[in-house]
Amino acid sequence: MDLITMDDLTNDESISLLEDARRLMPVANGSAYLPLLEGKVLGNLFFENSTRTRLSFETAMKRLGGEVLNLSDVGSSVKKGETLYDTMQMIDGYADIAVIRHPRQGAAQYAADAVEIPILNAGDGAGNHPTQTLLDLFTIKQGHGTIRDLRVVLVGDLRYGRTVHSLSHALSRFGASLTFVSPESLMMPEEIVRDLKSNGCDVAETSDLLSVLGSSDVVYMTRIQRERFPDEAEYEKVAGIYTIKSDDLANAPSNLMIMHPLPRVSEIHPSIDSTSHAWYFRQAFNGVPTRMALLCRSLGVPIPEVIN
Ligand code: NCD
């Protein structure tokens, strides 16, 4: 089973993955050892920078007793001009499952079509990032006890940010009202907004972040995706445009969650880190249990009801 976009999961499947992830928490934090994936090999194929996604997949696999192969464009034949198709043929033989991150939108689907093993999309250009969405949903459930019918504000680079493309899609299917906050040049792509609305989702768009903080359950900050700008001067115009600091939250609901896929540049001032609104580091940790659940599901390995 591949995971390329959130369309590859029904709502019930997403919910069951979150439940599996919850059960796997003791394994994720190292207090229990459960070698469900012993003898299995994960190919970690990263053609773009990554800290959390790559390392949390690696930790997830290792804590379940599996092995990991790491490929990056530095130190591999990708630098010699090998095509993605050829690289994938090798991985098909060396690994049981692979995670791929690539600068080109559509590359994960292309890779999945080229091989037999399951492929998990860890970010394809400005396209999608569904495994991030699973950990985002898991974190929202931790904070609010539900992922249904929430008021969620997505902030920053909604044009090039793949995390918000996948997340808005998933949240809309769970009845969220979405507010998109961005500068004009980085608005959510029209076809995504059209899709969300045609599925009955309540969508609002603004460039004013402070005006929406008082009436939200989740504020999801994102980095301006510098590497995707065709022109550095265009990036400079919007760099640092949204920064949230603890004073801005004076009138916010006490259970407002501030989230961020990370890395942050200047979007969240460190004064928020020690407040109860800060969820981004727990969010990053949640990559481990959710990716464990996903690896098990994709490899057809059931998770025991009780783990201790
Ligand atoms: C995100 C990505 O790669 O899209 N990072 C991540 O996976 N946590 C967000 C970003 O790079 O801004």
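Specify the angular offset, from 0 to 90 degrees and rounded to the nearest 10, of the alpha carbon long axis of helix 287-298 from the longest principal axis of the alpha carbons in the chain.
Once rounded, one gets 50 degrees.
Label points 7 Å out from Cα along the Cβ direction at Arg194 and Asn255: separation in nm?
3.7 nm
Kindly express, to the nearest 10 degrees and within the range 0 to 90, the angle between helix 130-144's C-alpha long axis and the longest C-alpha principal axis of the chain.
50 degrees
Distance between the C-alpha centers of region 101-122 and region 255-308? Whole Å please.
Their Cα centres are 23 Å away from one another.
By counting other Cβ atoms within 10 Å of each Cβ, how are Glu82, Glu267 ranked from fewest to most?
By the 10 Å Cβ count, ascending, the order reads Glu82, Glu267.
Over the Cα atoms of the chain, what is the Rg over Rh ratio if Rh follows Kirkwood?
So for the chain, dividing Rg by the Kirkwood Rh gives 0.96.
Enumerate the calculated ³J(HN,Hα) couplings along region 199-206 in order (Karplus 6.51 cos²θ - 1.76 cosθ + 1.60, θ = phi - 60°), each rounded to whole Hz, writing x wherever the residue is Gly or Pro.
Using θ = phi - 60°, the values come out as 8, x, 7, 7, 10, 10, 10, 8 Hz.
Using the reciprocal of the averaged 1/r over all distinct C-alpha pairs, how large is the Kirkwood radius of region 130-283 in Å?
When all Cα pairs of region 130-283 are included, the Kirkwood radius is 15.5 Å.
Using only DSSP helix segments of four residues or longer, with each worth -39500 (n - 2.57), what per-residue ellipticity at 222 nm results for the chain after dividing by its residue count and rounding to 500?
-10500 deg cm²/dmol, from helical runs alone.
Cα centroid distance between region 138-194 and region 1-76, in Å?
If we compute the Cα centre of each part, the gap is 23 Å.
I need Tyr85, Tyr220, Tyr110 ordered by Cβ neighbour count within 10 Å, fewest first.
Lowest count first: Tyr85, Tyr110, Tyr220.
What are the ³J(HN,Hα) couplings of region 34-39, residue after residue, when phi is run through the Karplus curve with 6.51, -1.76, 1.60 and θ = phi - 60°? Round to Hz, x for glycine and proline.
Residue by residue, region 34-39 yields 9, x, 5, 10, 4, x Hz.
I want to verify a result. In a Gaussian network model of the chain, Cα cutoff 10 Å, which of these has the top mean-square fluctuation: Asp208, Asp136, Asp12?
Of Asp208, Asp136, Asp12, the most mobile in the Gaussian network model is Asp12.
Counting only residues 5 or more places away or on other chains, whose amide H sits under 5 Å from the amide H of Ile268 once H atoms are built in the peptide plane?
Ile244
What residues have an amide H closer than 5 Å to that of Ser177, excluding those fewer than 5 places away on the same chain, when H is modeled at 1.01 Å from N in the peptide plane?
Leu150, Arg151, Val152
Please list the non-local residues whose amide H lies under 5 Å from the amide H of Trp279, H modeled 1.01 Å from N, same-chain partners needing a gap of 5 or more.
The answer is Ile258.
Give me the percent of Cα-Cα pairs in region 111-164 that sit more than 15 Å apart, rounded to a whole number.
When all Cα pairs of region 111-164 are counted, 60 percent exceed 15 Å.
Just to check I understand the Karplus step: with θ = phi - 60° and J = 6.51 cos²θ - 1.76 cosθ + 1.60, what whole-Hz values come out for region 98-115, glycine and proline as x?
For region 98-115, the Karplus-derived couplings read 9, 10, 10, 10, 8, x, 9, 4, x, 5, 5, 5, 4, 5, 5, 5, 8, 9 Hz, x marking Gly and Pro.
Only the coordinates and a few stated rules stand behind these numbers; no lab work does. Values in this document were obtained by computation on a predicted structure and should not be read as measured data. Positions of Cβ are generated from backbone atoms using ideal geometry, with glycine treated the same way; all protein chains shown enter the neighbour counts.
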